[in-house]
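The values are calculated or read from the model by the stated rules, or taken from the named source; none is laboratory data. Remember, it's a predicted structure, so these values are computed and weren't measured experimentally. Please note: Cβ atoms are built from the backbone with ideal geometry, for glycine as well, and neighbour counts cover all protein chains shown.
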Amino acid sequence: MKTAGLVLLLFLYSSVAMLAQSSGRLVGKVQDSTGAVVQKAYLTLRRDGSVVSECESGADGSYAFVKLHSGSYDLEVGAQGFAMYSATGIMVEDTGAKQMTVTLRIAAEEQMTVTTQTNGVSLSSDENANSTVLKGGDLDALADDPDALQTELQALAGPAAGPDGGQLYIDGYTGGQLPPKSSILEIRVNQNPFSAENDRIGYGRIDIITKPGAVKFNGHLRGSYLNSVLNTSNPLATAQPSYQYYSGSGDMTGPITKTSSYFLAAQYWERQNQNFLRAVDPTDTSANPRTLSQALVAPYSTTNVFGRVDSQVGKHILQGQWVLFRTRRTGAGTGGLNLPEQGYSSTDIENILQLRDTMIVSSRLLNEVSTRWWRIRTNQTPDSTKPAVTVQGAFVTGGSVSGTTSNHQDNMELHDYATLTAGSHVMRLGLLARTYRVADYADTGSNGNYQFQSLADYHAAMPKPYLYTGTVIVNPLARLLQFDGAIFFQDEWRWKPNVNLSYGLRMEGQNRVRDHLNWAPRVAIAWSPKAGAKTSPKMVIRAAGGIFYNRVTPALQIQTIHNNGFFQQNYVLRNPSFYDPNHPVPAELLATASESKLSIYTLDPGFRISRNVQAALGVDRSLGKIGSLNLNYLFTRGVHQYYTNNVNAPFFDPETYRITGPAPTTYNYQFQSGGDFRQHQVILTTNTTYKNFFLHAVYTYNHATTDTQGINYFPSVSRIPSLDYGRASFAPAHQLQAFMTYKAPYRVTLTAIAIVEANRPYNVTIGNDLTGNNQSNARPTYGTCGAPDVLSTAYGCLDLNPSGKSERIVPYGLGTAPTSATVHLTVNRVFNFGSRPVANASHAQKPAAEHVPRHTLTMIVGATNIFNMVNLAPPNGVLSSPLFGQQLTPATGPFALSSPGNRTVYVTSYFSF
C-alpha cells in the first residue's frame, strides 16, 4: 500500500509540475527556532516599497508567492507570539523558484497570550469563520483537571452530528489521554471540517498541539487549590461533608545542542470526589418510602507526565515524545440509584511513545512519517461480590454488576503524509494503519443480578423478581487482534482569485467485519463575490459535502468473544423460583433450571460500517476590524447506525401490546447496523475583537430524529426498531457556547466560558419488560384518565398496564429536560520581575517589546458556575418508580460539577522562570 502511495505521489508531482507556470516563484516554510512549523504567519512581499502580494503560511508552515518577475524583493513576516521578521534584497529569477526558510524568534512573554484569531474572512478551507484557535493566556480559563478540560473543549467545539459526537486529536492522533495543560501550545476547534484527512465528521473536532522545546532554558511551576469553605453546597445532599482539591505541575524547556531541544512537564491532581446518591430506601416498606440523599466519598488521583525532544538533522525535523498517565479511583460506580455496595476500585496506567520525522524533500514537497505505540493497563475490583438487586427506577443494591476486570492493550499506529505545493494547488496524500492487540480478563455477571419490576414485588413476603441473569465463567480471558487503515488524497486548489476548491477521496477498511472497504469522497467550495488578486474577501459563501464512517471498536469485538456461549455462558431466567441476595446461584442450577435459557452476543453477519452523509451551506461575513460572522446549515443523514437487538425474542404485537409467539431456547443479543438518523443543524458563529475584548460564540439549533441511541441501545420491540423512531437524546434543540477574554489595565485578564443547553429529550418507560426482549424499556400508551393503572402526568394520562388494549404508544423521547446553564470565570494578574533584552529585535517592534521579563508570576482566581445555577440530569423517566419525574443526579458533560460544591472557587499560581 505504501509503495502504491509513493508512485501516486510522484505521478501527481510530475503532472502538476508540468502544468505550473514558468514564472518566478518564492517558496519555503515558516518555522520557529526549533524547526517546528508556524501556521498562519502573515507574509508581505514588496518591491520598490509597493506591496506585490500577501499570503499566510499553511497548516504545514509552507508559503508560496507565484508569477513573480525577475528582480529584488523585500519580505516581512509576522505571527502572534513571535518577533517581526524582515529580509531585503531577495533576488528572484523569472525562470525559476527561490527557496527560503523563514525562522521566527519568540517575542515578549505578554505577546504569547494573544488569541490567534483573525478579524477577516478567508477562502481557505482551514480558515472557516466558525473555527477558533486558543493559545497562551486563553488556556488559563480552562480546567487543569484532564477530565474537566476535555469536557470543556467538547462544549466549545459545539455539537457534532450523530450519537457518537466529535473527535479529539492530540498531535494528529485520536485516542489517548490529554497531556498536562502546561504542555499544550494551542487548541484548534472545527478547522477544515470536510478534509479527507478526517476519519470522523469534522464539526465537533478538536486538535491539540503540544509545545516543542525552546532555544533558551525556561520553565514554569503551577499550583491550584480548592476548599469547600469557599464553595456553595450541593442541592442534592442534605449533609455537606468538607473536602479539598489540589494539584501541582511544572515544566521546563531548553536546548540540548544547537539544533535540538527538549520540553518536560508533569502534573499531579488529587480530588476528594463525592458521588451523590438519591434513591429509594430499600428497607422502607411503607406506601410512601423515604428517599436516601447523601454524598458518597469517591477519591480520585491523577499523575500525568509529558516529555518531548525536537531535533533538526539536515532536511529532517525529528520529534520524539512520551506520555505517562495514571489514575486511581475508589468508591466509583456509586451515586444516582446505585447504593454504596455497588462501588468498585480501579486503576488506569497508560504509556504513549510517539516518533515523527518531517523531511523537507524540496521547496514544494514535504513528507511526514510518524508512529505511535500506546500501552494501556486497566484493572477494576468490586467492593462486594454478592448478587446485584435492581428495582427499576428505584435503587440498585448488592454487588457490582461489572465484576472483576483487567484489560491490557498494546496499540500501534503509523502515519505517512506528504504535502505538495504546485502552482495554485496544495495537495495532501497520506496513509495510516492501526493495530489493536487486546487481552481482556473479566468475570462480569458471575455474581448474578435479580431484577424487580416494582417495589411491591421486592417487598412481598416471597420476593418476586421478574428476571435473573447469571454467568458461568469457563474462560475469563478474551484476546483480540484488530487492525484498520486508510489512504486519502486532498487538494486545496485556488481555482480563481475569488474561488477556492477543496476536494478529496478517502478509502478506509478494517478486519473482523464483512464490510471491509469504504469510500469517502469529500468536496468543499468557497466563493467570494468581490475578492481579487489584491483584494481581501469581505464575504465568503461555502458549500460542502462528504461521507464519513464510524469504525467498529475493539470493545465491541471483545464483548462478542467473551459472550459467545463457550468462554462465558450467560443464563436468563424469567420469573425465577428462587431468591438469595447473599450468594450467587450455583453454576449447576443455572444450567439445569427449567426456566433457564442461554444468552449470547454476536455480530450480525450482514453488519455494515456506520455511514454518515453530511452536507453544509454557509456564509462567512467580515465585520471589518471587529471580527467575523458565520451562518451554517448542516444536514446529516446516518445509515447503518448501530444498536443491540434480541433477535430471538418472542413475537410481540404492538397493536394489542401482547406477546404472540413462544419463548426461544436461546437469546441472541446481536450487534446490528440497521439504525437511521436525520439531523438538521443551524449554526451561528461570531469571532469578535474590539480593542482588548475577544468573543467566540456559537449558537446551534438542532432537530434530530432516530431509531437508535447508540451501540448499547435495545429496541423496545426486537423486530420493529422503527417503533422507537423519535427525538434523539443526543441532540438538544438549543445550545450556546461562548468564550470571552478581556485584557484590563495593569496586566489583568478576565476570561469567561458560558454554556447553555435547552430542550434535551429523554425517554419515558413503564419500567417493565412487557415485550419479551429482557429489557425494561417498554413505553406506556395513552390511556383513559382516571382508569385503573393510568397515571396522570405532564405528558398526558399514561397507561402503565396496556397489555391487551388497543391504545397508541407514546413516542420515543417524550420528555423534555429543563434548561441547563453555567458560566465559569477566571481573573488573572501578571507580575513581572527583572528584564532581559530580545536578541535581533526588529525595528518594527515597539521599544517596550525589545525587553522581556526575566521572571513572571501569574495569580489566577477562578470560579466554576459563578452564578450558582442548579444543573441536574434529565428527570427519572420510569413511570412505576416513586421517583418518577424527579431529577436525581447532577448534570453531566459541560454542566457537571467540578467538585461536590455547586459553585466552586479556586486559586492558582503560575511562576515562569
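See the values below:
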{"quantity": "Given (1) in contact (Cβ under 8 Å) with a residue 60 or more places away in the chain; (2) in contact with a strand residue (DSSP E or B) (Cβ under 6 Å, 6 or more places away or on another chain); (3) under 23 Å from LEU634 (Cβ atoms), index of the condition PRO537 fails", "calculated": "(2)"}
{"quantity": "Whichever residue in the range 247-273 is within 28 Å of the chain's Cα centre (by Cα) and of a type in the set (S, T, N, Q) and, among such residues, is surrounded by the fewest Cβ atoms within 10 Å (Cβ to Cβ)", "calculated": "GLN272"}
{"quantity": "When residues of the range 222-259 are limited to those that are modelled with pLDDT of 90 or more and either aromatic (Phe, Trp, Tyr) or in contact with an Asp or Glu (Cβ under 8 Å, 6 or more places away or on another chain) (or both), the one farthest from VAL907 (Cα to Cα)", "calculated": "SER249"}
{"quantity": "Scope the range 247-267; condition over 21 Å from ILE184 (Cβ atoms) and not in a loop (DSSP other than H, G, I, E, B); matching residues", "calculated": "PRO255, ILE256, THR257, SER260"}
{"quantity": "Check on GLY320, buried (at least 16 other Cβ atoms within 10 Å of the Cβ) and under 30 Å from GLY430 (Cα atoms)", "calculated": "no"}
{"quantity": "Pick from the range 366-400, criterion aliphatic (A, V, I, L, M) and crowded, with 19+ Cβ neighbours inside 10 Å, ranking: nearest to THR419 (Cα to Cα)", "calculated": "LEU366"}
{"quantity": "First in the range 597-609 and of a type in the set (Phe, Trp, Tyr), second anywhere and part of a loop (DSSP other than H, G, I, E, B), Cβ under 6 Å, 6 or more apart", "calculated": "TYR601/ASN563; PHE607/VAL513"}
{"quantity": "Any chance TYR742 is in a strand (DSSP E or B), without any contact (Cβ under 8 Å) to a residue 40 or more places away in the chain and under 30 Å from GLY624 (Cβ atoms)", "calculated": "no"}
{"quantity": "Residue check, SER293 surrounded by fewer than 19 Cβ atoms within 10 Å (Cβ to Cβ), without any contact (Cβ under 8 Å) to a residue 60 or more places away in the chain and out of contact with any Asp or Glu (no Cβ under 9 Å at 6 or more places or on another chain)", "calculated": "yes"}
{"quantity": "The range 569-608: number of residues that are surrounded by fewer than 11 Cβ atoms within 10 Å (Cβ to Cβ) and β-branched (Val, Ile, Thr)", "calculated": "1"}
{"quantity": "Matching residues in the range 420-462 - criterion: being of a type in the set (Val, Ile, Thr), surrounded by 19 or more Cβ atoms within 10 Å (Cβ to Cβ) and modelled with pLDDT of 95 or more", "calculated": "VAL438"}
{"quantity": "Test for PHE739: is it surrounded by fewer than 24 Cβ atoms within 10 Å (Cβ to Cβ) and within 22 Å of the chain's Cα centre (by Cα)", "calculated": "no"}
{"quantity": "Condition met for ARG512 (in contact with a helix residue (DSSP H, G or I) (Cβ under 9 Å, 6 or more places away or on another chain) and part of a loop (DSSP other than H, G, I, E, B))", "calculated": "yes"}
{"quantity": "Test: GLN39 is in a loop (DSSP other than H, G, I, E, B), on the phi < 0 side of the Ramachandran plot and either surrounded by fewer than 21 Cβ atoms within 10 Å (Cβ to Cβ) or modelled with pLDDT of 80 or more (or both)", "calculated": "yes"}
{"quantity": "Scope the range 268-281; condition touching a residue at least 60 places away in the same chain (Cβ under 8 Å) and assigned to a strand (DSSP E or B); matching residues", "calculated": "TRP269, ARG271, GLN274, ASN275, PHE276, LEU277, ARG278, ALA279, VAL280"}
{"quantity": "When residues of the range 479-502 are limited to those that are closer than 23 Å to ARG200 by Cα and charged (D, E, K, R), the one surrounded by the fewest Cβ atoms within 10 Å (Cβ to Cβ)", "calculated": "ASP491"}
{"quantity": "Checklist (1) in contact with a Phe, Trp or Tyr (Cβ under 6 Å, 6 or more places away or on another chain); (2) surrounded by fewer than 21 Cβ atoms within 10 Å (Cβ to Cβ); (3) of a type outside the set (Gly, Ala, Ser) applied to ARG222, failing item", "calculated": "(2)"}
{"quantity": "In the range 742-773, the residues that are within 21 Å of PHE452 (Cα to Cα) and either under 32 Å from the mean Cα position of the chain (by Cα) or among the small types (Gly, Ala, Ser) (or both)", "calculated": "ASN763, VAL764, THR765, GLY767, GLY772"}
{"quantity": "Counted residues, the range 200-246 - those being assigned to a strand (DSSP E or B) and more than 24 Å from the chain's Cα centre (by Cα)", "calculated": "13"}
{"quantity": "Filter result for ALA526 (over 30 Å from PRO576 (Cβ atoms) and touching an Asp or Glu at 6+ places or on another chain (Cβ under 6 Å))", "calculated": "no"}
{"quantity": "Checking ASP284 against (1) part of a strand (DSSP E or B); (2) free of Cβ contacts under 8 Å to residues at least 60 places away in the same chain; (3) among the acidic types (Asp, Glu), the condition it does not meet", "calculated": "(1)"}
{"quantity": "Filter result for LEU695 (of a type outside the set (Lys, Arg), in contact with a Leu (Cβ under 7 Å, 6 or more places away or on another chain) and farther than 30 Å from ASN570 by Cα)", "calculated": "no"}
